[in-house]
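Trainee: Would you mind keeping the following structure in view while I ask a few things?
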Amino acid sequence: MFDTGRWNVTDPTGKHVGVVDGDEYVRDGEHLLYRIDGNELYSAGPEGRLYGFIEGDLVIAPATSALLLRFIQE
């Protein structure tokens with residue numbers, strides 16, 4: 001889904017968090033924030049902690065089912 005095009009990533013309030021630019025990473029400028037693996041979103045970096053599950057254009061927290069992030073295609 002995210003391997004084509006550019007996607008803006010926002011928090012639940014609509015505040016800009018970063019972008020996905022045709023690959024598996026959410027970036028803020030040059031900084032990698034998250035890594036996308038199928039329908040799972042992980043923190044970037046060596047620990048790679050599961051952050052949430054991607055359901056359509058939303059990221060949902062695994063434990064609480066709370067909305068964490070939203071993907072909006074440009």
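The values are calculated or read from the model by the stated rules, or taken from the named source; none is laboratory data. Bear in mind that the values here come from a model prediction, so they are computed numbers and not experimental data. Ideal geometry is used to build each Cβ from the backbone, glycine not excepted, and the neighbour counts take in all protein chains shown. Please note that ligands, DNA and RNA were not included when accessible areas were found on the heavy atoms of the full protein model with its side chains. Shrake-Rupley method; radii C 1.70, N 1.55, O 1.52, S 1.80 Å.
Trainee: Among the residues of the stretch 50-74, write down those that are out of contact with any strand residue (DSSP E or B) (no Cβ under 7 Å at 6 or more places or on another chain) and open to solvent by 60 Å² or more (accessible area, probe 1.4 Å).
Mentor: E55, A63, T64, S65
Trainee: A further question follows. Of all residues in the stretch 1-28 being at pLDDT 95 or above and among the hydrophobic types (A, V, I, L, M, F, W, C), which is surrounded by the most Cβ atoms within 10 Å (Cβ to Cβ)?
Mentor: Checked the stretch 1-28; the qualifying residue surrounded by the most Cβ atoms within 10 Å (Cβ to Cβ) is V26.
Trainee: In addition: Answer yes or no as to whether H31 is under 13 Å from F71 (Cβ atoms) and open to solvent by 70 Å² or more (accessible area, probe 1.4 Å).
Mentor: No; evaluated as a whole, the condition is false for this residue.
Trainee: Of the residues E40, E47, which is surrounded by fewer than 12 Cβ atoms within 10 Å (Cβ to Cβ) and either free of Cβ contacts under 8 Å to residues at least 40 places away in the same chain or in contact with a strand residue (DSSP E or B) (Cβ under 8 Å, 6 or more places away or on another chain) (or both)?
Mentor: Just a single option satisfies the conditions, and that option is E47.
Trainee: Out of (1) at positive phi; (2) in contact with a Pro (Cβ under 6 Å, 6 or more places away or on another chain), the odd one out for G5 is which?
Mentor: (2)
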